[in-house]
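Here's the structure, in structure tokens; my notes come after.
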Amino acid sequence: MKKTWEEAMKVAKAMCEGQEVSEEKLESFATKIMEYEEETTMADKNDTECEEIAKGEPEHEDVIIGSGIVAEAEGEKNQEKEEDDFIIRFQKPYRFEGKSYAGVDLSGLKSLRAKDVWKINRNYRNAGNIGLLQEMDSEYTARVAARASGMPVEFFEGMELPDMIKVRTKVSDFFYPRE
């Protein structure tokens with residue numbers, strides 16, 4: 001069952017509760033929710049939990065749809081596409097600390113500073129890791145993704161392998177962009 005515009009707006013408002021968000025940004029976010037619902041339903045109609053999340057009727061009260069996904073600046077289509085490139089959608093909902101996540105937003109990669117990466121490097125080495133191409137290492141990329149997303153490293157440690165590979169690929173591609 002396809003989500004109505006009113007239902008999508010209700011979900012968008014609930015997810016942005018406590019934040020100062022313009023009506024235009026809420027509408028943009030509601031559009032993304034509707035698009036996500038359509039993708040999820042078409043991808044796997046047999047996955048009951050995904051269907052519940054897409055419909056906005058999760059079995060559990062604590063389901064988070066697209067953790068960290070925020071509405072983008074209005075009127076900038078290229079920026080919207082770029083922001084979407086940093087959203088990793090999981091193949092199925094991922095439960096962590098009693099909540100269910102449909103994805104993670106890695107757009108924070110763009111705002112990392114050299115000192116952030118140096119600190120990650122130091123912590124990585126202090127944990128006994130040695131890597132010539134650490135930007136390709138799953139543990140290192142999980143640490144970078146944690147810093148970029150605001151989620152703890154443990155969030156990435158418990159992920160299913162296909163989803164972690166998507167995260168590792170996105171972080172590695174960020175360090176080594178293809179042009």
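Bear in mind these aren't lab numbers, they're just calculated from the coordinates by the rules spelled out. Keep in mind it's a predicted model, so treat the numbers as computed, not measured. Cβ placement follows ideal geometry from the backbone for every residue including glycine, while neighbour counts extend to all protein chains displayed.
In the range 113-122, what count of residues is obtained for those that are loosely packed, with under 14 Cβ neighbours inside 10 Å and not hydrophobic (A, V, I, L, M, F, W, C)?
Of the residues in the range 113-122, 4 are loosely packed, with under 14 Cβ neighbours inside 10 Å and not hydrophobic (A, V, I, L, M, F, W, C).
Might you check whether a residue that is within 14 Å of the chain's Cα centre (by Cα), of a type in the set (S, T, Y) and within 17 Å of D163 (Cα to Cα) occurs anywhere in the range 139-152?
Checked against the condition, which is being within 14 Å of the chain's Cα centre (by Cα), of a type in the set (S, T, Y) and within 17 Å of D163 (Cα to Cα), the range 139-152 yields at least one hit.
Here's the yes/no breakdown for (1) of a type in the set (K, R); (2) touching a Cys at 6+ places or on another chain (Cβ under 7 Å); (3) outside any loop (DSSP other than H, G, I, E, B); (4) surrounded by fewer than 13 Cβ atoms within 10 Å (Cβ to Cβ):
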residue: A146; (1), (2), (3), (4): no, no, yes, no
residue: M151; (1), (2), (3), (4): no, no, no, no
residue: D163; (1), (2), (3), (4): no, no, yes, no
residue: K166; (1), (2), (3), (4): yes, no, yes, no
residue: S172; (1), (2), (3), (4): no, no, yes, no
